[in-house]
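Some notes on the structure that comes next.
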Amino acid sequence: MKKRYSRLRRITLAIACTLSLSVFVVNCSGGLNLYGTDTDAQLGKQMDDQIRQNAAEYPIFKGNPAVKQYLQTMTNEIVKSEHVQYRGQFPYVVEVIQDDKTINAFCTPGGYIYVYTGLMKAVDNEATLAGVMGHEIAHAERRHGTQRMTKAYGLQMIAQIALGQNPSQLATIGANLFSGLALLKNSRMDEEDADVYSFKYLQSTPWYPGSIKFFFEKITAASGKSPGGSQSAIANIATSVERLLSTHPLPQDRIDATNKRIEEAKLPPPSEANLRSQPYQQIKRMLP
Ligand SMILES: [Zn+2]
(Lines give C-alpha, C1' and ligand atoms only; values in the text may rest on other atoms or scores of the structure.)
Protein backbone atom coordinates (compact mmCIF):
# COMPACT_ATOMS: atom_id res chain seq x y z
CA MET A 1 0.00 0.00 0.00
CA LYS A 2 2.75 2.34 1.01
CA LYS A 3 4.67 1.45 -2.12
CA ARG A 4 1.67 2.12 -4.32
CA TYR A 5 1.19 5.51 -2.68
CA SER A 6 4.77 6.54 -3.22
CA ARG A 7 4.63 5.41 -6.85
CA LEU A 8 1.51 7.47 -7.34
CA ARG A 9 3.24 10.41 -5.71
CA ARG A 10 6.17 10.09 -8.10
CA ILE A 11 3.89 9.97 -11.10
CA THR A 12 2.02 13.02 -9.79
CA LEU A 13 5.34 14.84 -9.38
CA ALA A 14 6.35 13.95 -12.92
CA ILE A 15 3.02 15.26 -14.23
CA ALA A 16 3.39 18.41 -12.13
CA CYS A 17 6.84 18.95 -13.66
CA THR A 18 5.48 18.57 -17.16
CA LEU A 19 2.68 20.98 -16.32
CA SER A 20 4.99 23.54 -14.81
CA LEU A 21 7.16 23.22 -17.91
CA SER A 22 4.27 24.15 -20.21
CA VAL A 23 3.16 26.97 -17.90
CA PHE A 24 6.69 28.31 -17.85
CA VAL A 25 7.09 28.22 -21.63
CA VAL A 26 3.91 30.26 -21.98
CA ASN A 27 4.62 32.71 -19.18
CA CYS A 28 8.27 33.49 -19.31
CA SER A 29 10.19 35.17 -22.06
CA GLY A 30 13.36 35.25 -19.96
CA GLY A 31 14.35 31.67 -20.85
CA LEU A 32 13.25 28.15 -20.12
CA ASN A 33 13.60 26.99 -16.53
CA LEU A 34 12.49 23.50 -15.51
CA TYR A 35 13.33 23.92 -11.84
CA GLY A 36 11.21 25.21 -9.01
CA THR A 37 12.41 28.18 -6.94
CA ASP A 38 13.10 25.74 -4.07
CA THR A 39 15.94 24.33 -6.20
CA ASP A 40 17.48 27.80 -6.49
CA ALA A 41 17.25 28.21 -2.71
CA GLN A 42 18.72 24.73 -2.08
CA LEU A 43 21.63 25.29 -4.49
CA GLY A 44 22.34 28.68 -2.94
CA LYS A 45 22.52 27.15 0.53
CA GLN A 46 24.92 24.43 -0.69
CA MET A 47 27.14 26.96 -2.43
CA ASP A 48 27.11 29.25 0.61
CA ASP A 49 28.28 26.32 2.79
CA GLN A 50 31.13 25.60 0.38
CA ILE A 51 32.19 29.24 0.24
CA ARG A 52 32.34 29.41 4.04
CA GLN A 53 34.47 26.26 4.15
CA ASN A 54 36.93 27.64 1.63
CA ALA A 55 38.70 30.47 3.44
CA ALA A 56 41.72 30.24 1.14
CA GLU A 57 39.70 31.31 -1.87
CA TYR A 58 36.95 33.25 -0.08
CA PRO A 59 38.43 34.89 3.03
CA ILE A 60 35.42 36.26 4.92
CA PHE A 61 35.91 39.85 6.13
CA LYS A 62 36.46 39.84 9.89
CA GLY A 63 36.73 43.60 10.38
CA ASN A 64 34.12 46.11 11.54
CA PRO A 65 30.69 44.36 11.48
CA ALA A 66 29.13 47.71 10.48
CA VAL A 67 30.45 47.12 6.93
CA LYS A 68 28.39 43.98 6.44
CA GLN A 69 25.41 45.60 8.17
CA TYR A 70 25.67 48.56 5.80
CA LEU A 71 25.53 46.25 2.75
CA GLN A 72 22.66 44.26 4.26
CA THR A 73 20.65 47.44 4.87
CA MET A 74 21.30 48.46 1.24
CA THR A 75 20.17 45.01 0.03
CA ASN A 76 17.01 45.13 2.15
CA GLU A 77 16.18 48.50 0.64
CA ILE A 78 16.68 47.24 -2.94
CA VAL A 79 14.59 44.06 -2.48
CA LYS A 80 11.63 46.16 -1.34
CA SER A 81 11.13 46.96 -5.05
CA GLU A 82 7.83 45.82 -6.52
CA HIS A 83 9.87 44.12 -9.25
CA VAL A 84 11.42 41.70 -6.73
CA GLN A 85 9.30 38.53 -6.64
CA TYR A 86 11.20 36.15 -4.35
CA ARG A 87 11.74 38.42 -1.33
CA GLY A 88 10.27 35.91 1.13
CA GLN A 89 11.60 32.79 -0.59
CA PHE A 90 15.24 33.78 -1.15
CA PRO A 91 17.18 35.01 1.89
CA TYR A 92 19.07 37.89 0.19
CA VAL A 93 21.87 37.87 2.72
CA VAL A 94 25.22 39.57 2.18
CA GLU A 95 28.74 38.47 3.06
CA VAL A 96 31.91 40.50 2.58
CA ILE A 97 35.06 38.89 1.15
CA GLN A 98 38.37 40.38 2.23
CA ASP A 99 40.14 40.70 -1.10
CA ASP A 100 41.17 44.15 -2.30
CA LYS A 101 42.42 42.84 -5.63
CA THR A 102 39.04 41.65 -6.83
CA ILE A 103 36.72 44.42 -8.00
CA ASN A 104 33.64 42.28 -8.10
CA ALA A 105 30.55 40.89 -6.41
CA PHE A 106 28.57 37.75 -7.11
CA CYS A 107 25.33 36.10 -6.13
CA THR A 108 24.42 32.41 -6.00
CA PRO A 109 21.05 31.13 -7.16
CA GLY A 110 18.57 31.69 -4.35
CA GLY A 111 20.13 34.99 -3.24
CA TYR A 112 23.40 34.64 -1.27
CA ILE A 113 25.35 37.77 -2.16
CA TYR A 114 29.13 38.23 -1.79
CA VAL A 115 30.85 41.58 -2.08
CA TYR A 116 34.63 41.91 -2.36
CA THR A 117 36.37 44.66 -0.42
CA GLY A 118 38.07 45.49 -3.77
CA LEU A 119 34.70 46.57 -5.19
CA MET A 120 33.86 48.64 -2.12
CA LYS A 121 37.19 50.46 -2.37
CA ALA A 122 36.96 51.00 -6.14
CA VAL A 123 33.57 52.75 -6.27
CA ASP A 124 33.15 56.43 -5.41
CA ASN A 125 29.65 56.52 -4.00
CA GLU A 126 26.77 54.52 -2.51
CA ALA A 127 24.70 54.65 -5.69
CA THR A 128 27.33 52.82 -7.76
CA LEU A 129 27.56 50.08 -5.17
CA ALA A 130 23.74 49.89 -5.06
CA GLY A 131 23.71 49.55 -8.88
CA VAL A 132 26.07 46.55 -8.68
CA MET A 133 24.07 45.04 -5.79
CA GLY A 134 20.86 45.44 -7.80
CA HIS A 135 22.57 43.66 -10.70
CA GLU A 136 23.61 40.73 -8.47
CA ILE A 137 20.14 40.48 -6.92
CA ALA A 138 18.72 40.34 -10.45
CA HIS A 139 20.81 37.26 -11.29
CA ALA A 140 19.05 35.43 -8.43
CA GLU A 141 15.61 36.94 -9.08
CA ARG A 142 15.72 36.21 -12.80
CA ARG A 143 16.98 32.70 -11.94
CA HIS A 144 19.83 32.74 -14.44
CA GLY A 145 21.64 29.87 -12.67
CA THR A 146 18.86 27.29 -12.90
CA GLN A 147 18.08 28.49 -16.42
CA ARG A 148 21.62 27.53 -17.38
CA MET A 149 21.19 24.22 -15.54
CA THR A 150 18.07 23.60 -17.62
CA LYS A 151 20.12 24.17 -20.77
CA ALA A 152 22.97 21.98 -19.54
CA TYR A 153 21.05 19.07 -18.03
CA GLY A 154 17.68 19.29 -19.72
CA LEU A 155 14.71 17.06 -19.24
CA GLN A 156 16.58 13.90 -18.32
CA MET A 157 17.74 15.13 -14.95
CA ILE A 158 14.52 16.82 -13.92
CA ALA A 159 12.69 13.58 -14.73
CA GLN A 160 15.17 11.58 -12.63
CA ILE A 161 14.76 13.94 -9.68
CA ALA A 162 10.97 13.93 -10.01
CA LEU A 163 10.84 10.13 -10.21
CA GLY A 164 13.15 9.81 -7.22
CA GLN A 165 15.66 7.74 -9.21
CA ASN A 166 18.65 9.75 -8.11
CA PRO A 167 17.85 11.99 -5.15
CA SER A 168 21.47 12.93 -4.44
CA GLN A 169 21.99 14.18 -7.96
CA LEU A 170 21.04 17.75 -7.17
CA ALA A 171 23.65 17.96 -4.42
CA THR A 172 26.32 16.51 -6.72
CA ILE A 173 25.46 18.94 -9.48
CA GLY A 174 25.44 21.85 -7.04
CA ALA A 175 28.94 20.93 -5.87
CA ASN A 176 30.32 20.36 -9.37
CA LEU A 177 28.82 23.47 -10.83
CA PHE A 178 30.14 25.51 -7.99
CA SER A 179 33.69 24.17 -8.14
CA GLY A 180 33.80 25.08 -11.82
CA LEU A 181 31.90 28.30 -11.07
CA ALA A 182 29.76 27.37 -14.06
CA LEU A 183 26.62 28.62 -12.36
CA LEU A 184 28.14 32.03 -11.83
CA LYS A 185 29.34 32.45 -15.39
CA ASN A 186 26.54 34.47 -16.79
CA SER A 187 25.99 34.83 -20.50
CA ARG A 188 25.98 38.23 -22.15
CA MET A 189 22.19 38.05 -22.30
CA ASP A 190 22.01 37.37 -18.54
CA GLU A 191 24.27 40.36 -17.91
CA GLU A 192 22.05 42.65 -19.96
CA ASP A 193 18.97 41.31 -18.22
CA ALA A 194 20.54 41.91 -14.79
CA ASP A 195 21.42 45.50 -15.81
CA VAL A 196 17.83 46.12 -16.91
CA TYR A 197 16.49 44.87 -13.58
CA SER A 198 19.08 46.70 -11.49
CA PHE A 199 17.75 49.90 -13.09
CA LYS A 200 14.16 48.91 -12.26
CA TYR A 201 14.93 47.96 -8.66
CA LEU A 202 16.80 51.19 -7.94
CA GLN A 203 13.88 53.35 -9.07
CA SER A 204 12.16 52.86 -5.71
CA THR A 205 15.34 53.42 -3.67
CA PRO A 206 17.16 56.61 -2.60
CA TRP A 207 19.92 55.86 -5.18
CA TYR A 208 20.29 57.04 -8.76
CA PRO A 209 18.94 54.18 -10.93
CA GLY A 210 21.49 54.56 -13.71
CA SER A 211 24.43 54.37 -11.33
CA ILE A 212 25.76 50.99 -12.51
CA LYS A 213 27.23 52.89 -15.48
CA PHE A 214 29.74 54.58 -13.13
CA PHE A 215 31.02 51.12 -12.30
CA PHE A 216 31.43 50.29 -16.01
CA GLU A 217 33.14 53.64 -16.61
CA LYS A 218 35.50 52.86 -13.78
CA ILE A 219 36.48 49.45 -15.11
CA THR A 220 36.76 50.74 -18.69
CA ALA A 221 39.16 53.43 -17.50
CA ALA A 222 41.15 50.92 -15.43
CA SER A 223 41.38 48.39 -18.27
CA GLY A 224 42.98 51.04 -20.49
CA LYS A 225 45.95 51.14 -18.12
CA SER A 226 48.81 48.79 -18.82
CA PRO A 227 49.33 46.01 -16.27
CA GLY A 228 53.08 46.45 -16.84
CA GLY A 229 52.95 50.10 -15.72
CA SER A 230 55.25 51.43 -13.07
CA GLN A 231 52.51 52.10 -10.52
CA SER A 232 51.69 48.85 -8.78
CA ALA A 233 48.23 50.05 -7.68
CA ILE A 234 47.26 50.52 -11.32
CA ALA A 235 48.72 47.13 -12.17
CA ASN A 236 46.56 45.58 -9.46
CA ILE A 237 43.42 47.29 -10.71
CA ALA A 238 44.15 46.18 -14.28
CA THR A 239 44.61 42.56 -13.14
CA SER A 240 41.31 42.55 -11.24
CA VAL A 241 39.57 44.12 -14.20
CA GLU A 242 40.79 41.25 -16.37
CA ARG A 243 39.08 38.87 -13.97
CA LEU A 244 35.96 40.96 -13.78
CA LEU A 245 35.65 41.35 -17.53
CA SER A 246 35.69 37.60 -17.98
CA THR A 247 32.35 37.43 -16.19
CA HIS A 248 31.01 40.89 -17.07
CA PRO A 249 31.64 41.51 -20.79
CA LEU A 250 31.64 44.66 -22.91
CA PRO A 251 31.36 47.60 -20.52
CA GLN A 252 30.98 50.21 -23.31
CA ASP A 253 27.85 48.51 -24.68
CA ARG A 254 26.45 48.42 -21.19
CA ILE A 255 27.22 52.11 -20.57
CA ASP A 256 25.38 52.94 -23.82
CA ALA A 257 22.42 50.74 -22.88
CA THR A 258 22.21 52.35 -19.42
CA ASN A 259 22.33 55.84 -20.94
CA LYS A 260 19.44 54.85 -23.20
CA ARG A 261 17.45 53.68 -20.18
CA ILE A 262 18.18 56.96 -18.35
CA GLU A 263 16.95 58.89 -21.40
CA GLU A 264 13.80 56.78 -21.76
CA ALA A 265 12.97 57.17 -18.05
CA LYS A 266 13.62 60.97 -18.42
CA LEU A 267 15.84 60.92 -15.34
CA PRO A 268 17.41 64.23 -14.35
CA PRO A 269 21.20 64.19 -13.92
CA PRO A 270 22.34 62.60 -10.64
CA SER A 271 23.06 64.77 -7.60
CA GLU A 272 24.89 64.29 -4.32
CA ALA A 273 21.48 63.50 -2.78
CA ASN A 274 21.08 60.32 -4.85
CA LEU A 275 24.75 59.44 -5.39
CA ARG A 276 25.73 59.85 -1.75
CA SER A 277 29.47 60.08 -2.23
CA GLN A 278 30.14 61.96 1.03
CA PRO A 279 28.47 59.44 3.39
CA TYR A 280 30.15 56.64 1.45
CA GLN A 281 33.63 57.91 2.35
CA GLN A 282 32.85 57.02 5.99
CA ILE A 283 32.10 53.43 4.99
CA LYS A 284 35.33 53.24 3.02
CA ARG A 285 37.23 54.36 6.09
CA MET A 286 35.91 51.32 7.97
CA LEU A 287 37.80 49.05 5.56
CA PRO A 288 41.34 48.09 6.53
ZN1 LIG B 1 26.49 39.84 -13.69
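As a summary of the residue check, residue 276 satisfies the conditions (1) of a type in the set (D, E, K, R); (2) modelled with pLDDT under 95; (3) surrounded by 18 or more Cβ atoms within 10 Å (Cβ to Cβ) except for the one numbered (2). Based on this model, can you work out whether residue 229 counts as over 23 Å from residue 280 (Cβ atoms), out of contact with any Lys or Arg (no Cβ under 7 Å at 6 or more places or on another chain) and either at pLDDT 75 or above or not in a helix (DSSP H, G or I) (or both)? Spelling it out, residue 229 is indeed over 23 Å from residue 280 (Cβ atoms), out of contact with any Lys or Arg (no Cβ under 7 Å at 6 or more places or on another chain) and either at pLDDT 75 or above or not in a helix (DSSP H, G or I) (or both).
In the range 58-77 there is at least one residue matching the filter, namely being acidic (Asp, Glu) and within 15 Å of residue 207 (Cβ to Cβ). Selection of the range 274-288 for residues being touching a residue at least 24 places away in the same chain (Cβ under 8 Å) and in a helix (DSSP H, G or I) yields 274, 275, 277, 279, 280, 283, 284. Please enumerate the residues belonging to the range 103-143 that are within 14 Å of the ligand (Cβ to nearest atom) and in a helix (DSSP H, G or I). Correct list: 119, 131, 132, 133, 134, 135, 136, 137, 138, 139, 140, 141. Close contacts from the range 37-66, counting a first residue that is more than 21 Å from residue 100 (Cα to Cα) and a second that is of a type in the set (Lys, Arg), with Cβ to Cβ under 6 Å and a gap of 6+ residues or different chains, come to 40/143. Screening the range 251-267 for residues that are modelled with pLDDT of 95 or more and surrounded by fewer than 14 Cβ atoms within 10 Å (Cβ to Cβ) and picking the one that is nearest to residue 216 (Cα to Cα) gives 259.
Within the range 84-102, take every residue that is farther than 24 Å from residue 203 by Cβ and not polar (S, T, N, Q) and give me the one that is farthest from the ligand (Cβ to nearest atom). Step by step, filter the range 84-102, then rank; the result is 100.
The values are calculated or read from the model by the stated rules, or taken from the named source; none is laboratory data. Quick caveat, the model's predicted, so the values are computed rather than measured. No Cβ is skipped: glycine too gets one built from the backbone with ideal geometry, and neighbour counts run over all protein chains shown.
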